[in-house]
Amino acid sequence: MNKGRVRLAVLLALVAALSFVAIGARKVATKLAKDAAQKVYVPPGEYDEFYAFLSGGFNGQLSVVGLPSGRTLKNIGVFSVNPRNGYGYSPETKPLLMTSHGFLPWDDTHHPELSMTNGVPDGRWIFINANNTPRVARIDLKYMETAEIIEIPNSAGNHPSSFVTENTEYITAGTRFSVPLPQRDIPIDQYKGNFKGTLSFIKVDPDTGKMSLAFQILVPGFDYDLAHCGKGPSKDWCFFTSYNTEEAHTLLEINASQHDKDFIAAVNWKRAEECIKEGKYETWHTPYAHNWYDEKKHMAFSEIIKEEKVIKPEQCPGVIYYIPTPKSPHGVDVSPDGRFILGNGKLSATMAVHSFEKMLKAIKEKKFAGDAYGIPILDYDAVVDHHVKNVCLGPLHTESDGKGYAYTSCFISSEIVKWKWETGEIVDRIPVYYSVGHLMIPGGDSAKPWGKYVLALNKITKDRYLPTGPELNQSAQLIDITGDKMQLLLDFPTLGEPHYAQALPASMIKDKQAKIYNLKENEHPYATKSEKDVKVVRKGNEVHVYMTAIRSHFVPDNIEGVKVGDTVYFHVTNLEQDWDIPHGFAVYGADVPNLLIMPGQTLTLVWKPEKPGVYPFYCTDFCSALHQEMQGYVRVSPADANPPMIWRGGGKEGKWIVE
Amino acid sequence: MTKAKMPLLGRVLVAISALIAISAFFFPLWHYYLEAPQYREGLNMWIWLHKLTGQVYIINDLNHYVGFMKITEEMYWEFKVLPVLTVILTLWGLWVAFTGSLRAFKWWFGYYILYALFGLVDFYYRLWQFGHTVDPRAPIRIEGYVPPMFGEKQFMNFLIRSEPAAGFYVLVAGFLVAALALLVTWQAGKARRGATA
């Protein structure tokens, strides 16, 4: 063989070997992608393993998402009106959005938290805070509808909320934007010493879930940012991070970033209870709204309360301590065993893991490093247990997998870092896209996490999906945490900005879901339980239409006698008792969105016609094969006319009742 | 013997060198490339003789967290002086080529060396100054970080790559041609000296 042939043979062999390597590498990559796809694939007709509840941020709602598929199941109207179903527009739901400032159609939802029993989500309710006009809502997990909203007086920027204690004794609320308390007109540059915050505790009735404001602790005017309550040994305490201990009132990004350490406020709520019992509190009279939905009456009610119990720390020693924590800490997280309290110092590369035991010891031995407006500041070295060094850039939040590991989200370096609670040793990192805020492991802030996935809730989306103009949805990434290495499984857009989220196994609540409202138990004062009860009643300028909806007609579907200047109330009862047969209701020219009426439910649309004419109304939810025929007319006559007052429908004709 | 003269080839090369130098106005001298998890597409900044281009406003916006100075053309007098020095380099070079004065050529060549040294040393000084003049009140505090002049360097979440760009190579080419002119002139001088001896 000559040299040329040898060279050719070697070359060919090399090319062949390289192609094998290339094919092999491609196969591995395909296998990984296939592996990920299998892990998130929920076959058609089958269910997701977890219900996840994602706050909607500036949409004021709460998204229900299935995991691992990432499918959006529902968007629950909480602090914002929801044109989809008329929430916040109908007289039945409007009272839920009442505040001491009147009716508010919007807020900013941040931190959903499931009710807990023994430190574990129990699937009864989920709470969520409103940041802008301080409120806390309770959402019933049977109906997945907002059941109650309580306003938080003497506060502003309700951010460290709505975190619950081990047995849902209390929900936290707190002040991110300190204000003059009680509110008054003073120059803003007199912030220092005059502006204050409160850390509030909302009592939850263990049977009904009904919320009431138990007490508020008046605290110095720092920015109270996030909270979490203790578990196990630390169950009597709740922890609140703070920034702006500089008490800056302008250009906070610089002026509130000067101290190397800010504080975690440790609040002993048992001690607060004692002080309340001993009368060591002041009664303030700032009005606040308390709103609740009556399931039987299908109607919300609102009351204004003008009394709150305010604890001043100096009158109740032992109720609050400050733990120094580097630097402008954002999230505060408690290990599942309740032994460690972690401050996620967003402007520091080192996180401090505080020991609850050491904290108690430091309090007992009075190891104080001074005080802030009379609140003892504990000695940092006496409380800190260990540090997580060089964890990442911009650590914000931490969740646990229940196997001894913590997972920290890093905003600046766009990654999730896995480390050991006990030692602070970093074991794994994974990039996320982009700039992750909160992260969520099902039950990841509870005593017993279901540590299968972590969901990254990212603030920046950019190029992750097909572009949709300047405004993009936020993005979430689902990551498998069952192995030694975290594995990215799925990337999906979310509605609004999901700050925090919660999740629990679907099996816990799936079979308890309400399918209908029982018509027999409908105690709505304007309910019409059968077509024979249909009527139209005039009370001066008010016209009440007692209307029914069933496949595929309204009764009445012809209404004559309405005059310009009347206010017409369409009280529509959906007579169906079958699952997933809602009817919609909309009227031409009405200044409110449609109603989406569930089977057995009664809802009201209020309409003030302004011009004479004949106006159609119709069913907006495609309910049946003859949905298109589900329509009717209202005749509107001039104000000075004298039209016949009649109705038709269901093959009958009736006369109005005039009261 | 009258004043020493350059050989024709040397003069032509000097003229070429001078013209190459002025063409550096049309290309950026240096390129900065920043990459971070949330900037996978990267951020670019190009430094020219007389201006800055690229996403300087985004870089400045990011820099304010750590208190770096805002990068602007106004902040650096070099953007006014370098163009003048370059124009001088070219005009002077053309004059050298025109007169063919050996003495003037040597001075001009020396000027080219000083011009290059000044550019590089001043650039490094500016990088050092940039890293050591941070706002002490910045939210995130950093310790003396000097951006790389050549190659890659990690800074927080950014990988920063710095490399010469076309304009720099143009100037290098100009200098090499000038050096070639020097070589040609030197060899011609040697030959002449050999012939006289």
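Below, the figures for the structure above:
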| item | result |
| --- | --- |
| Residues located in the range A:323-355, provided they are closer than 22 Å to A:Gln216 by Cβ and either touching a Pro at 6+ places or on another chain (Cβ under 7 Å) or of a type in the set (Gly, Ala, Ser) (or both) | none |
| Test: A:Gly496 is over 22 Å from A:Lys74 (Cα atoms) and either surrounded by 13 or more Cβ atoms within 10 Å (Cβ to Cβ) or without any contact (Cβ under 8 Å) to a residue 40 or more places away in the chain (or both) | no |
| Selection status of A:Phe340, within 14 Å of chain B (Cβ to nearest Cβ) and touching a residue at least 12 places away in the same chain (Cβ under 8 Å) | no |
| Selection status of A:Gly600, in contact with an Asp or Glu (Cβ under 9 Å, 6 or more places away or on another chain), at pLDDT 95 or above, more than 20 Å from A:Tyr87 (Cβ to Cβ) and in a loop (DSSP other than H, G, I, E, B) | no |
| Those residues of the range A:455-492 which are of a type outside the set (A, V, I, L, M, F, W, C), away from every other protein chain (no Cβ under 14 Å) and part of a loop (DSSP other than H, G, I, E, B), in sequence order | A:Tyr465, A:Thr468, A:Gly469, A:Pro470, A:Glu471, A:Asn473, A:Thr482, A:Gly483, A:Asp484, A:Lys485 |
| Residue in the range A:209-232 that is of a type in the set (D, E, K, R) and under 19 Å from A:His110 (Cα atoms) present | yes |
| Residue that is surrounded by 24 or more Cβ atoms within 10 Å (Cβ to Cβ), over 22 Å from A:Gly174 (Cα atoms) and not aliphatic (A, V, I, L, M), where the choices are A:Ser400, A:Ser348 | A:Ser400 |
| A:Lys306 being within 28 Å of A:His101 (Cβ to Cβ), among the basic types (Lys, Arg) and without any contact (Cβ under 8 Å) to a residue 40 or more places away in the chain | yes |
| Tally, over the range B:154-185, of residues that are closer than 30 Å to A:Glu253 by Cβ, more than 14 Å from chain A (Cβ to nearest Cβ) and not charged (D, E, K, R) | 2 |
| Selection from the range A:243-274 of residues that are assigned to a helix (DSSP H, G or I) and in contact (Cβ under 8 Å) with a residue 60 or more places away in the chain | A:Trp269, A:Ala272 |
| Residue under evaluation A:Phe240, criteria (1) in contact (Cβ under 8 Å) with a residue 60 or more places away in the chain; (2) farther than 25 Å from A:Ile305 by Cα; (3) more than 14 Å from every other protein chain (Cβ to nearest Cβ); (4) surrounded by fewer than 20 Cβ atoms within 10 Å (Cβ to Cβ), criterion not met | (4) |
| Residue in the range B:120-135 that is over 20 Å from B:Glu73 (Cα atoms) and of a type in the set (Val, Ile, Thr) present | no |
| Search result, residues across the range A:310-352 that are assigned to a loop (DSSP other than H, G, I, E, B) and either under 12 Å from A:Phe239 (Cα atoms) or at pLDDT 95 or above (or both) | A:Lys312, A:Cys316, A:Pro317, A:Gly318, A:Val319, A:Ser335, A:Pro336, A:Asp337, A:Gly338, A:Arg339 |
| Any chance A:Ala590 is in a strand (DSSP E or B), without any contact (Cβ under 8 Å) to a residue 40 or more places away in the chain and either in contact with a Leu (Cβ under 6 Å, 6 or more places away or on another chain) or surrounded by 16 or more Cβ atoms within 10 Å (Cβ to Cβ) (or both) | no |
| Residues satisfying the stated conditions in the range B:35-67, i.e. small (Gly, Ala, Ser) and more than 14 Å from chain A (Cβ to nearest Cβ) | B:Gly54 |
| Filter result for B:Ile113 (surrounded by fewer than 16 Cβ atoms within 10 Å (Cβ to Cβ) and more than 14 Å from every other protein chain (Cβ to nearest Cβ)) | yes |
| Residue under evaluation B:Ile113, criteria (1) modelled with pLDDT under 95; (2) in a helix (DSSP H, G or I), criterion not met | (1) |
| Selection count, the range A:257-274, where residues are surrounded by 22 or more Cβ atoms within 10 Å (Cβ to Cβ) and either out of contact with any Leu (no Cβ under 8 Å at 6 or more places or on another chain) or away from chain B (no Cβ under 11 Å) (or both) | 8 |
| Strands (runs of 3 or more DSSP E) wholly inside the range A:511-579 that include at least 1 residues being within 30 Å of A:Asn642 (Cβ to Cβ) and within 33 Å of the chain's Cα centre (by Cα) | A:567-574 |
| Selection count where residues are among the charged types (D, E, K, R), in a strand (DSSP E or B) and away from chain B (no Cβ under 14 Å), scope the range A:421-445 | 1 |
| Output for the range A:364-420, where each listed residue is among the hydrophobic types (A, V, I, L, M, F, W, C), more than 12 Å from A:Tyr321 (Cα to Cα), away from chain B (no Cβ under 14 Å) and not in a strand (DSSP E or B) | A:Ala382 |
| Filtered residue count, the range A:189-204, keeping only those that are outside any strand (DSSP E or B) and either buried (at least 16 other Cβ atoms within 10 Å of the Cβ) or within 20 Å of the chain's Cα centre (by Cα) (or both) | 2 |
| Selection from the range B:120-153 of residues that are within 13 Å of chain A (Cβ to nearest Cβ) and surrounded by fewer than 16 Cβ atoms within 10 Å (Cβ to Cβ) | B:Asp135, B:Pro136, B:Arg137, B:Ile142, B:Glu143 |
| Residue in the range A:613-623 that is within 33 Å of the chain's Cα centre (by Cα), of a type in the set (A, V, I, L, M, F, W, C), closer than 20 Å to A:Lys94 by Cβ and in a loop (DSSP other than H, G, I, E, B) present | no |
| Residue in the range A:60-117 that is nearest to A:Trp450 (Cα to Cα), counting only those that are of a type in the set (Phe, Trp, Tyr) and in a loop (DSSP other than H, G, I, E, B) | A:Phe79 |
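For every residue, the table says whether it meets (1) surrounded by fewer than 24 Cβ atoms within 10 Å (Cβ to Cβ); (2) within 18 Å of A:Ser302 (Cα to Cα).
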position	(1), (2)
A:Asp48	yes, no
A:Gly56	no, no
A:Gly66	yes, no
A:Gly70	yes, no
A:Asn75	yes, no
A:Phe79	no, yes
A:Met98	yes, yes
A:Trp106	yes, yes
A:Glu113	no, no
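The values are calculated or read from the model by the stated rules, or taken from the named source; none is laboratory data. Quantities reported herein were computed from a predicted structural model and do not represent experimental measurements. Neighbour counts are summed over all protein chains in view; Cβ atoms, including those assigned to glycine, are modelled from backbone coordinates with ideal geometry.
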